[in-house]
Structures are given as structure tokens and as C-alpha cells.
1. Mind checking which residues of region 110-130 are in contact with a helix residue (DSSP H, G or I) (Cβ under 7 Å, 6 or more places away or on another chain) and within 16 Å of the ligand (Cβ to nearest atom)?
2. Considering (1) at pLDDT 80 or above; (2) in a helix (DSSP H, G or I); (3) exposed (fewer than 12 other Cβ atoms within 10 Å of the Cβ), say which one ASP211 fails and leave the rest.
3. Exactly one of (1) at positive phi; (2) exposed (fewer than 15 other Cβ atoms within 10 Å of the Cβ); (3) within 16 Å of the ligand (Cβ to nearest atom) is unmet by GLY62. Its number?
4. Would you please name the residue that is nearest to the chain's Cα centre (by Cα), looking only at residues in region 65-109 that are more than 14 Å from the ligand (Cβ to nearest atom) and charged (D, E, K, R)?
5. Right, GLU78: within 26 Å of CYS203 (Cβ to Cβ) and among the acidic types (Asp, Glu) or not?
Amino acid sequence: MEVKEILFMNKGDGENSYVKSSGYMQKVAAATQPMVSGAVQSFFRENCSNPPLEVLNVADLGCSSGPNTFTVMSTVIESTVKSCSELGREIPEIQFYLNDLVGNDFNTLFKGLTVIEEIFKNVPWFAMGAPGSFHGRLFPRNSMHLVHSLYGVHWLSKVPKLTNEGGLPLNKGKIYISKTSPPGVREAYLSQFQEDFLLFLKCRSPEMVPDGRMVLIFHGRKSADPTLRESCYTWEILAETISYLVSQDDVQHCLLSPSNLSKMLLAKVQNQCISAFDSIVVACISRPKGEFESLSLNFLAIRE
Ligand SMILES: C[S@@+](CC[C@H](N)C(=O)[O-])C[C@H]1O[C@@H](n2cnc3c(N)ncnc32)[C@H](O)[C@@H]1O
């Protein structure tokens with residue numbers, strides 16, 4: 001099963017929703033707005049000898065259900081107004097394409113747009129949903145002036161193949177690269193990322209106008225070693241917790257009551273600050289019948 005068929009962030013605007021638990025991403029969004037603003041300004045500056053632009057097309061890829069996409073929209077509108085005023089040009093109409101996978105809560109996203117409506121009453125902007133995977137084509141040729149993605153592009157399209165030639169699991173007891181993972185595991189993740197990112201770029205390439213801008217913000221690390229704490233700390237904790245539940249024969253109980261897992265995670269991390277897991281899909285195999293079932297398991301945000 002591919003990620004695009006099952007992935008979504010927690011829906012709605014309740015306590016455990018993505019809207020209420022994306023504080024970490026909000027901080028990243030706030031820190032990266034100067035880059036977004038710089039991209040818009042340089043686009044207008046370098047294209048000021050062309051005929052005035054009537055419509056500026058902007059895409060936010062992997063936008064989820066808010067509120068960070070509203071921060072990006074505000075920055076783009078403000079920077080467009082500022083750039084055009086400085087260059088003595090008419091402000092173009094701004095068309096936003098808000099993209100995420102089909103399971104995304106677009107209704108909550110659209111309801112949240114009232115925030116932008118309130119602030120920018122006198123600027124001609126429009127928004128529409130663009131459902132689908134950014135690992136495929138999303139927009140017509142030669143149409144996008146600015147493509148932005150915050151914390152989306154590092155999501156893989158599928159879990160890499162993690163079995164050896166004999167079909168045995170390579171990464172037993174773990175759910176990501178860890179200190180104990182054999183080299184084949186990190187190679188598999190690297191190769192999946194390379195394949196996905198190349199596809200992402202190949203799909204965007206025809207969609208961008210010449211001299212268009214792309215701002216991609218995604219998870220990275222400073223060290224070449226992917227097993228350091230900065231890269232896999234959260235996944236280690238999650239793997240340990242799941243292993244513990246399995247050893248306690250408590251998996252069924254946990255699946256019936258996802259908050260148990262959140263509480264265990266919360267207890268594990270205690271006072272440490274880590275980013276939130278929004279949802280995890282657990283594939284369960286019913287052994288007697290050999291059937292697959294997928295569940296969406298929701299977590300509480302984990303905060304300091
Ligand atoms: C951590 S959220 C970030 C959301 C938002 N950009 C923000 O900063 O708050 C990552 C988002 O990327 C989306 N995503 C992951 N893979 C995707 C794909 N192949 N195509 C489109 N969206 C994808 C997820 O559904 C999720 O909403």
C-alpha cells in the first residue's frame with residue numbers, strides 16, 4: 001500500500017488535531033518566512049522588464065489543514081504588495097493552490113481561510129485545493145511562479161523494501177534507521193528518498209514558469225551519520241514503545257485505545273522537547289485469515 005493512499009494529519013480542530021499540535025512547524029514557518037519573502041521580491045525584481053503579470057500562481061505543497069499555510073499565504077501577499085509598490089507596478093491577482101494528499105482535511109483548511117480574508121480585504125487573492133501526490137504532476141505546464149513546501153518533501157512515497165534475499169526482516173524491532181540497523185537499512189531509505197525527490201523535481205520542472213521560484217523546507221541533519229539522536233530520537237522512542245507493547249501482548253489494547261500509546265510516549269520523553277507525531281498508520285495482519293487491515297492511530301502532540 002502506498003503512503004499517498006493512507007496518509008493524513010489528524011483532522012478537525014480538536015485537541016489532538018494537526019491544527020492544534022503543529023507548534024513545532026509553526027516555529028519553522030516563522031523562521032523561514034524571510035526566505036519566502038526574499039523569493040517573491042527577487043522574482044518581481046528580476047522580471048520587472050517583462051509585461052506586467054496579471055496573475056501570480058503560487059502552490060503550497062503538503063499544506064495539511066493549517067495554520068502554517070496561512071502564514072505562508074500572508075507572507076506571499078505582503079511581499080507581492082511591497083515589491084509591486086516599490087517597482088511601481090500593478091499588483092497581480094494572486095492564485096493559491098493548496099496541495100495535499102486526498103485524505104487531507106481540506107474542509108478545515110478552507111474554513112481557516114477566513115483569517116486571510118479578514119487581513120487582506122483589499123488584495124485580489126484566491127485559493128483552491130489541489131489534491132494529489134507531489135510525486136506526480138499536479139499543475140499545467142508553465143503555470144507556477146512560486147512553489148513552496150514546508151515540512152512535506154521529506155515524506156517518502158512508500159516504506160522502502162527492508163527484507164533480505166531470504167525475505168527476512170532487515171530491521172527487526174525498529175521502525176526507522178537506528179544504531180543497530182545494518183547498512184542495508186540506511187541504503188534502502190537513501191535510495192527511496194533519492195527516487196522520490198528526483199521524481200518530485202521532474203514533475204515540478206515543466207510546471208514552473210521560466211525564472212519561477214521554489215522554496216522547499218524539509219527535515220535534514222548536520223551530521224553524515226543518520227543514526228545520531230538529532231535524526232532518529234523520536235523513532236527510537238516510538239519503536240521502543242511499540243516493542244514494549246508487543247512484549248506485553250498489549251498491542252490489541254493499544255490499537256483500541258490509541259491514547260495509551262500517546263501516554264506511554266509522553267511518559268518516556270518526560271521533560272524533553274520533541275516534535276509531534278500527527279498520525280501513524282498501523283498495518284495489522286490477521287494471522288488466521290492472512291488479511292491486511294490498516295488503521296489510523298492518532299497521537300497527542302508531545303511538547304516540552
Ligand atoms: C508535517 S505536515 C506539514 C504540513 C504543513 N506544510 C505545515 O508546515 O504545517 C506534512 C504534510 O505533507 C503531506 N504529504 C506527504 N506526502 C505527500 C505527497 N506525496 N503529496 C502531497 N502531500 C504530501 C502530508 O499529508 C502532510 O499534510
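The values are calculated or read from the model by the stated rules, or taken from the named source; none is laboratory data. As the structure is a prediction and not an experimental result, all values here were calculated from the model. Quick reminder, even Gly has a Cβ in these numbers, built from the backbone with ideal geometry, and neighbours come from all protein chains shown.
1. GLY112, VAL115, ILE116, GLY129
2. For ASP211, the failing item is (2).
3. (2)
4. Checking each candidate, the answer is GLU78.
5. It is false that GLU78 is within 26 Å of CYS203 (Cβ to Cβ) and among the acidic types (Asp, Glu).
Table: residues versus (1) β-branched (Val, Ile, Thr); (2) in contact (Cβ under 8 Å) with a residue 40 or more places away in the chain.
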site	(1), (2)
GLY62	no, yes
GLY66	no, yes
MET73	no, yes
THR80	yes, yes
GLY88	no, no
PRO92	no, yes
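Residue-wise test of (1) in contact with a Ser or Thr (Cβ under 9 Å, 6 or more places away or on another chain); (2) within 30 Å of GLU93 (Cβ to Cβ); (3) assigned by TED's automatic domain parsing to the domain that holds MET73.
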site	(1), (2), (3)
HIS145	no, yes, yes
LEU150	yes, yes, yes
VAL159	no, no, yes
GLU165	no, no, yes
TYR176	yes, no, yes
LEU198	no, no, yes
TRP235	yes, no, no
